[in-house]
Each structure stands twice: as structure tokens, then as C-alpha cells.
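Asker: Pasting a structure below so you can have a look.
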Amino acid sequence: MKMFPDLRLRRLRISPEIREILQETNVRKEKMIMPMFVDERIKGKEEISSMPGIFRYSEDEAVSKAKEYEDLGIKSVLLFGIPKVKDELGSQAYDESGIVQRAIKRIKEETNLIIFADLCLCEYTSHGHCGIINGQTVENDSTLELYAKIARSYAIKGVDAVAPSGMMDGQVARIRKELDTNGFKDTIIMAYSAKFASPLYSPFREAAYSAPSFGDRRSYQMNYGNFREAIREIEEDIEEGADIIMVKPALFYLDIIREARNRFKYPLAAYSVSAEYSMIMNAAQNKIIDLDSVIKESTTSISRAGADLIISYFTEYIYRNRIF
Ligand SMILES: [Zn+2]
């Protein structure tokens, strides 16, 4: 074996040009997905205070923002809805004239963006949980029927991909069956397969007014101490018919992303969540770090771990400021 002083790895870092041609991971910004909040209760737009630079948009504003994204070169968005009225069953989530359904239809009509739409109940239920409540528990099987209705209502409006995020068992299979039996064989399912119960979601809860009114989501979202179980969750989704698998959050879970990349041949998405954005933004605003450099490093690390698609609140910034 060749050793120092014959072996000199620093040779490969000797100049910016050498470093550039030898860089192994290059982020392709076309693979980034911009999350968008469409809010039925507002006119215009409102900034989310814990996520500087990220807004909730009214339906009209969301459509014009989507056009702006398309002009910038962004390829895809992930929609979340905030309804005017919430109830026990989250009925606005599957209302064909609900806020997300209207937004899907109009953005599809007016742009060529690929539309992913988050599929869950927590933004729509009065209690803020992701399913039907029975006492203090979230019922799995009855919840699946509502997820199926949401999927159909999105597909009717022309969504490209539904993204079930509720972590109920059997959700992917139930949604696939609903889509197939209603003539939507080509609608993609991007499954939030390994979604961990993470405190990093708290800015999102402010954004979507979706904090649970009692308890927490640890009986359905995963324990962040578990690695093997994450692989089982992904296997379950693949067995059930997921087209794209996902790990969420991203930065604290790069080991899970890497393992999923090594094991599965499926397209893999990673969701860099709200607090990942807020932590970087806050540190940059307080002059602790340089924003552009850290966006570059953090996004490259998610890509290096093996993610194909990266859902990131920095997507718009990355395009605007030519970070990649
Ligand atoms: Zn949910």
C-alpha cells in the first residue's frame, strides 16, 4: 500500500480549478421543490414570523407567485392548504372546492409547474391531529377513508403527485387503490415514508396553524432514535405502491437518507423542514454564519447523502441568487 510521503491527497485540492473538477456532488437545482402555503383566510400575502422570507398566499396571490416561480426556472412546488373553517373530520381537506383543490386547478391551468400536494388532515382538523380522533387516540383505519377522498379530490383537479404525510399504516395502498379505481392511474404517490416526530416542525405549525390541541404526534410519527424502523417504514410504503419515497426531516437524518439510497432503487426525496430553514436564517441574520455558503453546504450535504429530490424553503432563494 502506498503511504505518505508517496501518498499525497492534498495534490487533489491544490487549486480552485482542480477542486472544482473533482467535486463529487453537484446539486442540480431543477431537483428542488419549493413548498407553498395557500391560505383561504387572507388577502394578498402574510409573512410567517418564524420563517423570514416565507409567506402564506391567498389563492390569487399563490397563482401569481407560481407564475413567478416558473419564470425563475423552478420546476415544482409542494402545496399546503390552510382552510377558513376547521372541523373534527377536517372536511375541507377533501372538499372538491377546497383551497388546495382550487389552487391545484388554477396553477395547473396557468403554469407548467409540477404540482405535489401534501395530503393530510392536520391543517384541516379542529384538534390538529392527522386523523380521526376517538377519545385520545388517532384511529388508523377510518382515517384512511378520508385520505382516499383527499387523494381523489386532488387528482380530479389535475395534481401531478399526492404526498401523504400522516404516517398511518396502509395509507399508500388505500390511496393507490382509490386513484386507480377512479381513473387516475398516472397520479404519482410521493410517500412521506420515514417521517420522524421532530421538534424541528414547530415553525411549520405556526405557518399552517396546525399544532395539535392535545398530546403530540408520537403515536404515528417515528421515534427519532430509530434507524431500522425507518427502513421498515420505507419498505412498507414500497410494498404498498409508493412511486417516490421520502425521509423527513433532512439534515439531522442524513444517515437514514444514505441507507435508503443504498438499499432502494426508488427515487428518494428529502424534506429539509421549517426549522432547518429558520435556524440557518436566524444564524445568518445574527451574522453568526454566511447565508449563501451555509445554504450551499447544507443543500450539498443532503444531495451527497443520496437524495434525488430536495424539498427546501431555500429553493426560491437558491434560484434568485444563483447559489448553484
Ligand atoms: Zn398531518
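Derivation of every value follows stated rules applied to the coordinates shown; laboratory data play no part. Just so it is clear, the structure is predicted and the values come from calculations on it, not from any experiment. Here the Cβ is made from the backbone with ideal geometry for all residues, glycine too, and neighbour counts use every protein chain on show.
Asker: Counting DSSP beta bridges in the range 34-107, what percent are antiparallel, to the nearest 5?
Answerer: Given both bridge residues lie in the range 34-107, the antiparallel proportion sits at roughly 25 percent.
Asker: Still on this model: At a Cα cut-off below 23 Å, give the lysines reachable from LYS287, other chains included and same-chain residues fewer than 8 away excluded.
Answerer: Result set, ordered by chain and number: LYS296.
Asker: By how many degrees, between 0 and 90 and to the nearest 10, does the Cα long axis of helix 228-240 differ from the longest principal axis of the chain?
Answerer: On a 0 to 90 degree scale, this one is about 60.
Asker: Over the Cα atoms of the chain, each weighted equally, I'd like the Debye log10 I(q)/I(0) at q = 0.06 Å⁻¹, rounded to two decimals.
Answerer: At q = 0.06 Å⁻¹ the computed log10 ratios are -0.21.
Asker: Helix-only mean residue ellipticity at 222 nm, the chain, DSSP H runs n ≥ 4 weighted -39,500 (n - 2.57), per residue, nearest 500. What is it? Don't skip to the answer; put the middle values down first.
Answerer: Details: 11 runs with 123 residues, N = 324.
Calculated from helices alone, the mean residue ellipticity at 222 nm is -11500 deg cm²/dmol.
Asker: Calculate one ³J(HN,Hα) per residue across the range 94-102 by plugging θ = phi - 60° into the Karplus curve 6.51 cos²θ - 1.76 cosθ + 1.60, and present them in order as whole Hz with x for glycine and proline.
Answerer: Ordered by residue, 3J(HN,Hα) equals 10, 6, 5, 10, x, 5, 5, 4, 5 Hz.
Asker: Then there's this: Taking H placed 1.01 Å from N in the peptide plane, check which residues at least 5 places from ASN140 or on another chain put their amide H under 5 Å from its amide H.
Answerer: Residues meeting the criterion, in which the H sits 1.01 Å from N, do not exist here.
Asker: May I ask you to evaluate 6.51 cos²θ - 1.76 cosθ + 1.60, the Karplus curve with θ = phi - 60°, for each residue of the range 208-221 and list the ³J(HN,Hα) values in order in whole Hz, giving x for glycine and proline?
Answerer: Each residue of the range 208-221 in turn: 10, 6, 10, 5, x, 6, 9, x, 9, 9, 6, 7, 10, 6 Hz.
Asker: Using a Gaussian network model of the chain with C-alpha springs under 10 Å, which one of LYS84, LYS287, LYS29 is most mobile by mean-square fluctuation?
Answerer: Result: LYS287 has the largest fluctuation of those listed.
Asker: While we're looking at this one, here's another question. Less than 11 Å Cβ to Cβ from ILE256, Lys/Arg counted +1 and Asp/Glu -1: what total charge do the surrounding residues give?
Answerer: Its environment carries a net charge of +2.
Asker: Restricting attention to the range 249-324, which GluC sites (Glu not before Pro) occupy a DSSP loop and are surrounded by at most 12 other Cβ atoms within 10 Å? Spell out each step's value before the answer.
Answerer: Working: sites: GLU259, GLU276, GLU297, GLU316; in loops: none.
Taking the range 249-324 and a limit of 12 other Cβ atoms within 10 Å, no loop GluC sites (Glu not before Pro) are found.
Asker: Shifting gears a bit: May I ask for the angle, rounded to the nearest 10°, between helix 171-181 and the longest principal axis of the chain, with both axes built from Cα atoms and the value confined to 0 to 90°?
Answerer: With rounding to tens, the tilt is 60 degrees.
Asker: Counting DSSP beta bridges with both partners in the chain, what percentage is antiparallel, nearest 5?
Answerer: Numbers: 6 of 40 bridges.
Among the beta bridges of the chain, antiparallel pairing accounts for roughly 15 percent.
Asker: Let me ask something else about it. Restricting attention to the alpha-carbon atoms of the range 152-253, what are Rg (one decimal) and Dmax (integer), both in Å?
Answerer: For the range 152-253, the Cα radius of gyration and maximum Cα-Cα distance read 14.5, 40 Å.
Asker: Ranked highest first by the average count of other Cβ atoms within 10 Å around their residues, in what order do 44-50, 222-228 fall? Working shown, then result.
Answerer: On the way: 44-50: 14.4, 222-228: 12.9.
The densest-packed peptide leads the list: 44-50, 222-228.
Asker: Counting other C-beta atoms within 10 Å, which of ILE74, ILE107, ILE14 has the fewest, and how do the rest follow?
Answerer: On the way: ILE74 23, ILE107 27, ILE14 10.
Ascending Cβ contact count within 10 Å gives the list ILE14, ILE74, ILE107.
Asker: Using only Cα atoms, what Kirkwood radius does the range 157-207 have, in angstroms?
Answerer: Over the range 157-207, the inverse of the mean reciprocal pair distance is 12.6 Å.
Asker: What FRET efficiency, computed as 1/(1 + (r/R0)^6) with R0 = 56 Å and r the Cβ-Cβ distance, is obtained for SER219 and ALA283, rounded to the nearest 0.05?
Answerer: Calculated transfer efficiency: 0.95.
Asker: Can you tell me the FRET efficiency between ARG41 and GLU110 if r is taken as the Cβ-Cβ distance and R0 is 22 Å, rounded to the nearest 0.05?
Answerer: 0.45
Asker: Moving to a separate point now. Rank by packing, highest mean first: peptides 180-187, 17-24, with packing defined as the count of other Cβ atoms within 10 Å averaged across residues.
Answerer: Descending mean neighbour count gives 180-187, 17-24.
Asker: Which residues' amide hydrogens lie under 5 Å from the amide hydrogen of MET168, considering only partners 5 or more residues apart or on another chain, with H built in the peptide plane?
Answerer: Answer set, sorted by chain and number: none.
Asker: While we're on this one: If one computes P(r) from the Cα atoms of the range 56-124, what percent of pairs lie at distances over 13 Å? Before the final figure, lay out each step's value.
Answerer: On the way: 1444 of 2346 pairs.
Beyond 13 Å sits 62 percent of the P(r) for the range 56-124.
Asker: For a 21 Å ceiling on Cα separation, which of these pairs sit above it: LYS43/LYS157; LYS67/LYS108; LYS31/LYS265?
Answerer: Exceeds cut-off: LYS43/LYS157.
Asker: Could I ask something else about it? Report the full-extension gain for the segment GLU235 to ASN26: residue separation times 0.36 nm, less the Cα-Cα distance, to one decimal in nm.
Answerer: 72.4 nm
Asker: I need the calculated FRET efficiency for the pair ARG10 and ARG258, taking r as the beta carbon distance and R₀ as 45 Å, to the nearest 0.05.
Answerer: My answer for the efficiency is 0.95.
Asker: Looking at the range 1-154 from every direction and averaging, what is the projected area of its Cα convex hull in nm²?
Answerer: 15.8 nm²
Asker: Would you mind computing, in nm to one decimal, how far apart the modelled labels at ILE18 and SER142 are, each placed 7 Å from Cα along Cα→Cβ?
Answerer: It is 6.8 nm.
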